[in-house]
Structures are given as C-alpha cells and as structure tokens.
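Written out below as structure tokens is the structure these notes cover.
We did not get these values from a lab; they are worked out from the coordinates using the rules stated. Note that the structure is a prediction, hence the values are computed from the model and not measured. Here the Cβ positions follow ideal geometry from the backbone for every residue, glycine too, while neighbour counts run over all protein chains shown.
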C-alpha cells in the first residue's frame, strides 16, 4: 500500500486516536518528568569556562564560512595547527546564542540534556521491555551525566552515543536495516565531538561479540545470524568511510587516540581528565552499580550477555581512568541494569493507562519547566560570579595594553569578551601542550620555577589571575609588579 493510501484510507481514522492517546500515555508523562529534571539540573550550570571559546569559534565559522585550522586566539603558540574536531557543534552553540543570547544558550543546554534523558529512557525501556524499569535507567544516566552537563560539544556526542545504542538494539531485535542509520550518524558525529571514537569502539564490540556462541555459567553469548552480522559489518564499513567526511580527513579521525596517547600533561593536570576517585559520589555510584548488576545476575540467576560484559568493562576502564568518562559509563551500564530488573515488577500496560492523570502530569511538567527556566538576569549573575567580568571592564576602561598572562580558567571568557587581547593559555590544552606553553605555565602557576623566568621569557606586561591563585600572593613580592584591580574573583597586576 502506498503512503498516500495509508493516509486517506479507512484505517486513518483508527490511527489518529491511537497517536492521540499515545500523546498522553505513561511513557510521555515520564518524558515530561525527565524534561523537568533536565531544567532543574542545568539551570545553575552556566559557568563552564570552556563554553566561551566554543562560542567564539562558532561565531568565527558562522561569520567567515570557514573553519579555523590553527590557533588564532593566543600569542604563545605561534598559530599552532589544530584539529577542528568540534566545529559543527560549536556552530550550533553560536546559533543558539545568535538567536537567543544567554537564554538561547541555556535553552540549547536544556534541549540536549532533556534529549539525552528521554533517549536514554527509550533505550532502557526497549532494551528491558519494561517502560517502568526504563525510568530507573534514565535516573542512572542522570546521575552519572551530572559530571559533564554544560554548554559544550560533548553534550551532542553523548546524545549520539545513546542514539547509537538505540539503533543497534533496533537492528538486532526488529530489522537489521536499522544498522544503516549508523553511517550518517557517524558522519555528523565526527564533526561534533571526539566521543565518536568511543561510539565506533562500541559498534566494534557488538560485531566482535556476534561471532561467539557459548555459555559459561550465567555468562552467555549467542551467535548472530549471518544476515545480521553481514549487515552490521557493512554498516560499520560505511561508517568508517563516513568518518572521513571532515575538514582534515584521517587526522581528525585519529585525534581522540592522539589525545589519549600524546597529551600526558593535559590528562594528568586538567581536573576532568584525572582518574576517578572511588570515594567520590560517582566513584561510589560506579562500584554500587557494578555490584548491583553482578549481584542481580547471581541472586536472580539471570543471564549476563557477552557483549554486555565487554561494554561494562570498557565503560569501567574509561571512567576509572578519567572522571569525565563516568558520563559514558552511565549510558552503557543503565540498559544492562534495567534488563536484569525487567521482571522485578509489572510492566506498563497501555490498556490500563490513566490518560487524564498523565495529561495533568504532562501539563504540570511544562509549567514547572517554564517556571524553573532561569531568567536572563540570573544567567548574567552566574557569568559574573564565575568569570572575570569586572576585570575585563577595567582592562578596557583603562586601555591596558601589551602581552597579558591570564589564569587557565579565564582564557575561554577572555577569548569571547576581550578578543583584542590574545590570551596566554586557555582550555584548549592540546595546542598548548604541543608547543610547550602548558608546561611552562603549570610550573609557573604551581611555583615549581622562578616566577620571573616565565614573565621575562614571554615579555608579560600585565597579569589577570584568580584571586585565590598562589601567584596572586607571589607577584607583589617580586618588587616590579603592583596590583591595580581586585574584586571577589580576580586581580590584575601590571609591571611597575
């Protein structure tokens, strides 16, 4: 039957009520609650220092219709070549700002946070076959995602990781043709965030597991049918080709691997890249979730699948090595927990759905989201509390000139708010590590070298530092530096 016949035929009158009823179903009501959770979680997360240089890069791409392939924001790297691995997401971030200012950026964050939670809920519900248990999976994703919710390209990347798992599940359980949605997904993903590398590894695990057929106690592997395996292999082959659809080709595909292998300083000194501390709440949560999964498999005599074990192993390794990767662990582990709990209580039955109560809950969720969405004044206050707003105003008012040495966390905001003053360093740790600037700065900022050495080497004229930084106490003792500005956040020193 043609599509047009389906629309105008006799069954159309039956399909409309079904869609109408589904709009007020229990899963839709849960999605409304997750929307509220997203807004409440991120409403005070408008202070990420990396947001600003992403925003500035997106602005340049939008205005010039070209993608920067070298550092254009600092004076210390001598225009070091860079990999534009997030250019598409950065453009989306700037579009949100262009059409809505600070409120547009917050709306962007709320959208991708809610999309992640709802997609995670759909994944856990389908994978477990229980829409009620799926809500628990969404809460697991929420808990671990709080480590990285910010106006940054990683939000797009982790949303795509959830979509990949959903597509793979649909390909395995419904129609292998779903696998062919992966190549276009990876074509976009590679231009948004380096987490595409994790996504490709996840797909590789599924393909690898498809060859095994064994049972060792509760650990089970089931060989896929030749058709399923061949279609997934072909989809991955096309996905590998799709990864090359980026501005710099193979170098962009290999960039995540280069980050892990050739940036030891950034991985060891930047807080989000440091190993997970097991006494941290998310460290405790990781151990608790792993313990629950294996305990459920033992006590309930449930099967744990081979591909699930491999995904858990990869997610645990990534999270233990880098605390920011707890985000990935939550996405990988949540569906597995839900499947093991799928028979713990009755599933959702559409026939017994209470549409009226669901409609009220959905309406209340929308009202709460509207009420909880932060005002422009509140967003401006968050910026002022976390960024050197007053210091930038002072620099512009008093026309400070020359080379500036700025604190690491201030670099991003300076790129956005004071583009006429090239920065010394900022959150793009890769280009600064490749050129040795990050090494010089960290030794200077942690008092591991003579403070005057760096100041003289780079011919610094004034410094903008966090008020609590160690060098803010040292500079006045050097004799030729004086403080000309100070507020609750920052301090400015100039050569005397």
Simple SL model, points at 7 angstrom along Cα→Cβ for residue 473 and residue 261; separation in nm is 4.3 nm
Checked against the structure, the computed volume of the Cα convex hull per residue in Å³ among (i) 203; (ii) 174; (iii) 160 is the one labelled (ii)
For the chain, percent of DSSP beta bridges that are antiparallel (nearest 5) comes out at 70 percent
Simple spin-label estimate for residue 212/residue 343, 7 Å along Cα→Cβ, in nm, reads 2.3 nm
Restricting to Cα pairs under 8 Å and 6 or more apart, the percent relative contact order of the stretch 204-282 works out to 14 percent
Ordering 72-79, 144-151, 404-411 by per-residue average of other C-beta atoms within 10 angstrom, highest first, gives 404-411, 144-151, 72-79
Taking Cα atoms only, helix 281-299 is inclined relative to the longest principal axis of the chain by an angle, in degrees rounded to 10, of 20 degrees
From the Cα centre of the stretch 250-284 to that of the stretch 412-473, the distance in Å is 21 Å
Stretched fully, the stretch from residue 305 through residue 357 gains (0.36 nm per residue minus C-alpha distance, one decimal, in nm) 14.9 nm
So residue 70 and residue 251, fully extended at 0.36 nm per residue minus their Cα-Cα distance, gain in nm 63.8 nm
Expressed as a whole-number percentage, the relative contact order of the stretch 25-365 with C-alpha contacts under 8 angstrom and at least six residues apart is 24 percent
Relative contact order as a percentage, the stretch 387-495, C-alpha pairs under 8 Å and 6+ apart, gives 28 percent
Taking Cα atoms, the helix 226-242 axis meets the longest principal axis of the chain at an angle in degrees (rounded to 10) of 20 degrees
Most packed first (mean Cβ within 10 Å per residue), the peptides 130-140, 297-307, 341-351 order as 130-140, 297-307, 341-351
Fewest-first ordering of 394, 160, 99 by Cβ atoms within 10 Å yields 99, 394, 160
Rg from C-alpha atoms of the stretch 387-495, normalised by the globular rule of thumb 2.2 N^0.38 Å, equals 0.98
Per the C-alpha gyration tensor (a ≥ b ≥ c, the square roots of its eigenvalues), the stretch 139-297 is rounded if a/c is under 1.5, else prolate if a/b beats b/c, else oblate; here it's oblate
Longest principal axis of the chain (C-alpha) makes with the long axis of helix 355-372 (C-alpha) an angle, in degrees to the nearest 10, of 0 degrees
Output ordering of 178-187, 109-118, 331-340, 476-485 (per-residue mean of other Cβ within 10 Å, highest first) is 331-340, 109-118, 178-187, 476-485
Rounded to 0.05, the calculated FRET efficiency for the beta carbons of residue 201 and residue 366 at R₀ = 35 Å is 0.35
Residue separation between residue 385 and residue 495 times 0.36 nm, minus their alpha-carbon distance, gives in nm 36.9 nm
In nm, the gap between the two label points placed 7 Å beyond Cα toward Cβ at residue 373 and residue 284 is 3.6 nm
If R0 = 51 Å, then residue 175 and residue 44, at their Cβ-Cβ distance, give a FRET efficiency to the nearest 0.05 of 0.75
